[in-house]
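The values are calculated or read from the model by the stated rules, or taken from the named source; none is laboratory data. Please read these numbers as outputs of a predicted model, since none were measured by experiment. Note that we place each Cβ from the backbone using ideal geometry, even for glycine, and neighbour counts take in every protein chain shown. Just the protein is used for accessible areas: all its heavy atoms, side chains included, with ligands, DNA and RNA removed. Shrake-Rupley method; radii C 1.70, N 1.55, O 1.52, S 1.80 Å.
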Amino acid sequence: MKELHKWNLSPKEAIEEQKKLVELLERSSIKKVDLVAGVDLSFPKEDQGCAVIVVLNFPTLKIVDYVTEVSNISFPYIPGLLAFREGPVFLRAWEKLKIRPDVVMFDGQGIAHPRRIGIAAHMGLFINLPTIGVAKSHLYGTYKQPGKHKGEYEFIYDESEIIGAVIRTKNNCKPVFVSPGHKCDVQSAIELVLSCCVGYRLPEPTRIAHLISQKQRVKEKGFSS
DNA sequence: GCGACAG
DNA sequence: ATCTTGTCGC
């Protein structure tokens, strides 16, 4: 799948690519989960990205393993086309990972996207595994503000269809925007994300991946090779 | 034309 | 995302 994909596209071509790939997405509930992975990127330099994939045991949420990958970024950040900027680096990191998680959580949208294919959904097609999008802010869809207590949530709609949920993962904290990616459904996404929240706004997979990528960013600074 | 706009 | 200190609240 990924071998046949082209990344050197113009924004217009990228949009056409999304319209083609969205047809391949599958919707289903997530069964048994023993390993949960989280992905995040940092940018040591403006044209250089550092991807981190961390694998946690479930439900203990203990770190099992993690990989990092640093490389140049060519595609610019354009709302709706995030996968074309962060996808290439993530996939290179993915090749280094020896363990196969049961589900992967991304920093961004799943299907709560203008063309129903945010980075989590897009990458799910490539790694052929269940994926979930956990975004820190809104991109697409209508919703009502959820209650202020942990666990409360409101669905995100596209017209009359439910495409995700705005979830309060911690009391009195800004909610997160969760939506299923590939081989997942809204209910499974909500349940898994909430079961990975242990006192912080972000679920452990994504939160820990972020911490590692930030630590890597500092190390990567000042290096020329 | 105007406002919105993942990271 | 990144540039950056202190500060208010649980």
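Can we say residue A:189 is surrounded by 15 or more Cβ atoms within 10 Å (Cβ to Cβ), away from DNA strand C (no atom under 16 Å from the Cβ) and in a helix (DSSP H, G or I)? Give the derivation first.
Working: surrounded by 15 or more Cβ atoms within 10 Å (Cβ to Cβ): yes; away from DNA strand C (no atom under 16 Å from the Cβ): yes; in a helix (DSSP H, G or I): yes.
Spelling it out, residue A:189 is indeed surrounded by 15 or more Cβ atoms within 10 Å (Cβ to Cβ), away from DNA strand C (no atom under 16 Å from the Cβ) and in a helix (DSSP H, G or I).
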* Asked: Which pairs do you get when a residue that is more than 17 Å from residue A:220 (Cα to Cα), found in region A:61-73, comes within reach of a residue that is open to solvent by 50 Å² or more (accessible area, probe 1.4 Å), reach meaning Cβ atoms under 7 angstrom, with the pair 6+ apart or on two chains?
  -> A:61/A:198; A:64/A:57
* Asked: Does residue A:211 count as away from DNA strand C (no atom under 12 Å from the Cβ), open to solvent by 10 Å² or more (accessible area, probe 1.4 Å) and either in a helix (DSSP H, G or I) or basic (Lys, Arg) (or both)?
  -> no
* To do: Being within 15 Å of residue A:123 (Cα to Cα) and among the basic types (Lys, Arg) is the filter; apply it to region A:1-52 and report the residue that is surrounded by the most Cβ atoms within 10 Å (Cβ to Cβ).
  => A:2
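Only one of A:87, A:110 is within 14 Å of DNA strand B (Cβ to nearest atom), farther than 20 Å from residue A:175 by Cα and open to solvent by less than 20 Å² (accessible area, probe 1.4 Å); which?
Working: A:110 fails: farther than 20 Å from residue A:175 by Cα.
Just one listed residue meets the conditions, A:87.
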* Would you mind stating whether residue A:124 is in a strand (DSSP E or B), small (Gly, Ala, Ser) and in contact (Cβ under 8 Å) with a residue 40 or more places away in the chain? => no
* In this structure, is residue A:71 in contact with a strand residue (DSSP E or B) (Cβ under 9 Å, 6 or more places away or on another chain), of a type in the set (S, T, N, Q) and farther than 22 Å from residue A:136 by Cβ? -> yes
* Restricting the first residue to region A:32-60 and requiring it to be free of Cβ contacts under 8 Å to residues at least 24 places away in the same chain, which pairs with a second residue that is in a strand (DSSP E or B) and more than 12 Å from DNA strand B (Cβ to nearest atom) meet a Cβ separation below 9 Å and a spacing of at least six or different chains? -> A:57/A:35; A:57/A:36; A:57/A:63; A:57/A:64
* How about region A:151-210: which of its residues are within 16 Å of residue A:137 (Cα to Cα) and among the acidic types (Asp, Glu)? -> A:154
* Please work out if residue A:198 is open to solvent by less than 20 Å² (accessible area, probe 1.4 Å) and modelled with pLDDT of 95 or more. => no
* Do we have any residue at all in region A:128-135 that's open to solvent by 70 Å² or more (accessible area, probe 1.4 Å) and more than 12 Å from the chain's Cα centre (by Cα)? -> yes
* **Scan of region A:144-161 for residues that are open to solvent by less than 80 Å² (accessible area, probe 1.4 Å) and part of a loop (DSSP other than H, G, I, E, B), ordered by number** => A:146, A:147, A:151, A:152
* Asked: With respect to residue A:65, is the statement that it is among the acidic types (Asp, Glu), within 13 Å of DNA strand B (Cβ to nearest atom) and open to solvent by 10 Å² or more (accessible area, probe 1.4 Å) true?
  -> no
